[in-house]
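First the structure, in the form of structure tokens, and then the observations on it.
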Amino acid sequence: MASQDWVDKDFYKILGVPKDASEADIKKSYRKLARKYHPDQNQDDPSAEKMFKDVSEAYSVLSDPEERQQYDAIRAMGSGARFTAGGGGPAGGAGAGFEDIFGGLFNQSAGRSRRGSSFNAGGGSNIPPEFADLFGGGGFGGGFTSAPPQKGADRTASTTISFAGSINGTVIGLREPSGEVVEVRVPAGVKDGQKIRVRGKGMPGAAGNGDLMVTVHVTPHDFFVRDGNNIRIHVPITFPEAALGATIEVPTLTADRVKLKVPAGTPSGRTLRVKGRGVHTSKGNGDLLVTVDVAVPSHLSKDAKAAVEAFAEATKGEDPRAGLAAKARL
């Protein structure tokens, strides 16, 4: 578009917006008018085609902050004047061309081609990429050739949280090189190695920022061991409790205690289940798996020793290793 057209045409009036219109208002008006006057919706209507060209030209200039600034300056300086497109007169004289005067002012040719404002030979148009979805993403009759805008690339980061933070949920802050702190909300029940998506904190792009993918590492606990959404613990019991049966109390993730029934004759190493007292997540709750270990006292009093000897005498007919030889045969 020649620089003379910047004086002749009022792009603000064409788009129906005031001169101090925001970028959002300009974009909104363009979408409305481009849809209204698009040639594929106005077959054999030269006036609609011309309006569509004018609307596209206006948007191509006013949507670009640099070109809009130049347009406003040229309109202010050249309003009411006529300039020739070339000229052979002395530099800066009455014969100087419009491009010669203002091209030097902005250190570039004011008459360079404008993005997204021309019609192609097939009757379609080069709609700006941000409006590729204006007519369903592909246009009418193959008129649009611009690829849809893409989001920015995702970024990655990692962090380490406590076991309690993984069970109850927590909030951490990741500091950017710029000093900005990105807040990451870790949901309750997160697993070691799980990734959390923080939307809009990735690299910038035409269709918006990408996301930040944070890999969470969980510090192991000295007592609780996670197994999926179940929690495993080892609890010692006495020989009488194992032999005769008992009800014992065991700790849970919530710092309270829960009662657990140990059946009579429970061997060391058996695992008992407490339903619903494992990891709580949005998809359900795990269980508490309690492995009992029969504790053998390292010191016996005189009475305790006598009692054990009496028990041994009473059960001397039992052989817990009977049948091992058959099992061990190659």
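The values are calculated or read from the model by the stated rules, or taken from the named source; none is laboratory data. These numbers were taken from a predicted model, which means no experiment stands behind them. Note: ideal-geometry Cβ built from the backbone for every residue, glycine included; neighbour counts use all protein chains shown.
Pairs are defined by a Cβ separation below 6 Å, a sequence spacing of at least 6 or placement on different chains, a first member in the range 236-249 that is over 15 Å from residue 307 (Cα atoms) and in the same structural domain as residue 297 (by TED's automatic domain parsing), and a second member that is part of a strand (DSSP E or B) and charged (D, E, K, R); the pairs so defined are 236/293; 247/259; 247/261; 249/257; 249/259. Against the numbered list (1) modelled with pLDDT of 95 or more; (2) buried (at least 16 other Cβ atoms within 10 Å of the Cβ), residue 174 comes up short only at (1). Among all residues of the range 279-293, there is at least one that is on the phi > 0 side of the Ramachandran plot and not in a loop (DSSP other than H, G, I, E, B). Could you list, in sequence order, the residues of the range 196-214 that are surrounded by 13 or more Cβ atoms within 10 Å (Cβ to Cβ) and out of contact with any Asp or Glu (no Cβ under 9 Å at 6 or more places or on another chain)? Selection gives 196, 205, 208, 209, 214. Among residues of the range 43-66 that are in the same structural domain as residue 14 (by TED's automatic domain parsing) and on the phi < 0 side of the Ramachandran plot, those with a Cβ under 6 angstrom from a residue that is surrounded by 16 or more Cβ atoms within 10 Å (Cβ to Cβ) and among the acidic types (Asp, Glu), sequence gap 6+ or separate chain, pair up as 61/67.
Scanning the range 278-300 for residues that are free of Cβ contacts under 8 Å to residues at least 60 places away in the same chain, in contact with a Gly (Cβ under 8 Å, 6 or more places away or on another chain) and over 12 Å from residue 233 (Cα atoms) yields 285, 286. Pairing each residue of the range 193-215 that is at positive phi with any residue that is exposed (fewer than 14 other Cβ atoms within 10 Å of the Cβ) and part of a strand (DSSP E or B), provided the two are 6+ apart or on different chains, yields C-beta distances under 8 Å for 193/217.
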